[in-house]
Amino acid sequence: AKRLPNVLASLAVQTQAPAEVIVVLDGSTDRSDAVLEGIRLPCPLHIHRQENQGRAAARNAGARLAKGNVLL
């Protein structure tokens with residue numbers, strides 16, 4: 001939760017804005033939901049919640065949800 005505002009703010013100032021941002025909350029218990037609700041980006045922000053399954057499962061979930069090119 002502490003890093004999310006800075007990470008997402010850096011996306012907003014890129015030369016080429018992303019088409020979408022997908023955040024996978026993999027069993028998160030650190031108020032990430034509350035932080036994300038206050039974030040506004042120049043592109044759609046998709047939040048996916050799942051039980052803790054580990055990094056690989058979180059990346060795969062994000063890739064499945066992506067509508068454009070996937071950058072990992």
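Numerical summary
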{"read-out": "Any hit, region 48-62, residues being outside any loop (DSSP other than H, G, I, E, B), open to solvent by 60 Å² or more (accessible area, probe 1.4 Å), at negative phi and at pLDDT below 95", "value": "no"}
{"read-out": "Residues that are farther than 19 Å from ALA63 by Cβ and either assigned to a strand (DSSP E or B) or of a type in the set (Ser, Thr, Tyr) (or both), drawn from region 29-47", "value": "THR29, SER32"}
{"read-out": "Residue count for region 1-17, restricted to those that are in contact (Cβ under 8 Å) with a residue 12 or more places away in the chain and either small (Gly, Ala, Ser) or over 21 Å from ASP33 (Cβ atoms) (or both)", "value": "3"}
{"read-out": "Search result, residues across region 9-28 that are among the hydrophobic types (A, V, I, L, M, F, W, C) and assigned to a loop (DSSP other than H, G, I, E, B)", "value": "VAL13, ALA17, ALA19"}
{"read-out": "In region 6-37, the residues that are of a type outside the set (S, T, N, Q), open to solvent by 50 Å² or more (accessible area, probe 1.4 Å) and over 17 Å from ARG49 (Cα atoms)", "value": "VAL7, ALA9, LEU11, VAL13, ALA17, ALA19"}
{"read-out": "Per-region count, region 38-47, residues open to solvent by less than 40 Å² (accessible area, probe 1.4 Å), within 14 Å of ALA1 (Cβ to Cβ) and in contact with an Asp or Glu (Cβ under 9 Å, 6 or more places away or on another chain)", "value": "0"}
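The values are calculated or read from the model by the stated rules, or taken from the named source; none is laboratory data. Since the structure is predicted, the reported quantities are computational estimates derived from the model, not experimental observations. Note: ideal-geometry Cβ built from the backbone for every residue, glycine included; neighbour counts use all protein chains shown. Please note that ligands, DNA and RNA were not included when accessible areas were found on the heavy atoms of the full protein model with its side chains. Shrake-Rupley method; radii C 1.70, N 1.55, O 1.52, S 1.80 Å.
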